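**Student:** Next up is a structure, given as structure tokens.
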Amino acid sequence: MTASWIVERLGKHHDRAQFDCGNARLNEWLTQRAGQFDRRDLARIYVSVRPGGQVVLGYYAVSSHAVRYETLPTTRPRGCRTSMCLSCSLAGSRLTEPSKARAWAAFC
């Protein structure tokens with residue numbers, strides 16, 4: 001069985017111009033900012049494409065960040081006892097084909 005799409009790290013060869021998930025802000029972030037975030041190590045961007053293809057069908061971005069311990073609510077999560085708590089964000093998971101959205105979400 002051949003996969004209908006694969007996930008790759010975003011590269012210059014990927015065609016982002018055709019991407020349209022129905023959310024203008026997410027479309028604009030992918031086409032205008034995602035490459036900069038990846039090059040500056042602010043996030044890692046992964047795209048979904050057809051095998052051998054370059055047109056982006058969907059994407060997600062993973063970034064890490066830290067939260068100062070003093071800014072956490074008094075009901076702090078267990079295990080966060082240092083001056084900084086590290087965490088990770090996942091954002092921008094969308095597909096151009098709504099019928100495939102469930103498969104994409106299950107994959108992530």
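Read-outs: derived from the displayed coordinates by stated rules, not from any lab. The structure displayed is predicted, hence computed values, not measured ones. Neighbour counts are summed over all protein chains in view; Cβ atoms, including those assigned to glycine, are modelled from backbone coordinates with ideal geometry.
**Student:** How far is it, in nm, from the label point at Gln36 to the one at Ser64 when both lie 7 Å from their Cα along the line to the Cβ?
**Tutor:** Output for this residue pair reads 2.4 nm.
**Student:** Right, here's the next one. If each residue's Cβ is checked for other Cβ atoms within 10 Å, how do Phe19, Phe37 rank with the fewest at the top?
**Tutor:** Arranged by neighbour count, lowest to highest, Phe19, Phe37 become Phe37, Phe19.
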